[in-house]
Amino acid sequence: GTAQAIPVTRSATINLTVGAGAETNTCAIPTFNGQELRIYCAAVAGGTRAITFASAINVAGNTIATFGTARDYLVVHAVEVGAVLTWEVAVNTAVALT
């Protein structure tokens, strides 16, 4: 649901249902190298859902992924940059990154 932290203790598929307002979630750094989150927007009732990641999820330095349309889809993988784990976008279908 909105205003909740996305669990990062294991790989997971997360299906979002977005209401009429501006909804939010947060996502901490990954727990282990190779971890994967598959985030799918199943339904939208006019609003958006912005997920703020604890670190950049791409080379551009984006940390926010905004879902606003049914079928928006994002896959992030855990990778090591130096000795630090971070999420990296592997697949992005229509999710706005900022």
Expected output for region 29-55 (first residue under 17 Å from Thr69 (Cβ atoms), partner among the basic types (Lys, Arg), Cβ below 8 Å, 6+ apart or cross-chain) is Tyr40/Arg71; Cys41/Arg49; Cys41/Arg71
Leu97 fails exactly one of (1) of a type outside the set (Val, Ile, Thr); (2) free of Cβ contacts under 8 Å to residues at least 40 places away in the same chain; (3) more than 19 Å from Ala20 (Cα to Cα), namely (2)
Checked against (1) under 11 Å from the mean Cα position of the chain (by Cα); (2) within 19 Å of Thr98 (Cα to Cα), Thr86 satisfies every condition except (1)
Open item on the list: Being open to solvent by 50 Å² or more (accessible area, probe 1.4 Å) and within 14 Å of Thr2 (Cβ to Cβ): is that true of Ala83 here?
Closed with: no
When region 86-96 is checked residue by residue, the ones that are surrounded by 17 or more Cβ atoms within 10 Å (Cβ to Cβ) and in contact with a Ser or Thr (Cβ under 9 Å, 6 or more places away or on another chain) are Thr86, Trp87, Val95
Filter region 56-71 for residues that are under 11 Å from the mean Cα position of the chain (by Cα) and in contact (Cβ under 8 Å) with a residue 40 or more places away in the chain; the one that is surrounded by the fewest Cβ atoms within 10 Å (Cβ to Cβ) is Ile57
When restricted to Phe53, Phe32, the only residue in contact with a strand residue (DSSP E or B) (Cβ under 7 Å, 6 or more places away or on another chain) and open to solvent by 70 Å² or more (accessible area, probe 1.4 Å) is Phe32
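The values are calculated or read from the model by the stated rules, or taken from the named source; none is laboratory data. The structure presented is a predicted model; accordingly, all values stated were derived computationally and were not measured. Positions of Cβ are backbone-derived with ideal geometry, glycine not excepted, and every protein chain shown enters the neighbour counts. Quick note on the areas: whole protein, heavy atoms, side chains included, nothing else; ligands and nucleic acids left out. Shrake-Rupley method; radii C 1.70, N 1.55, O 1.52, S 1.80 Å.
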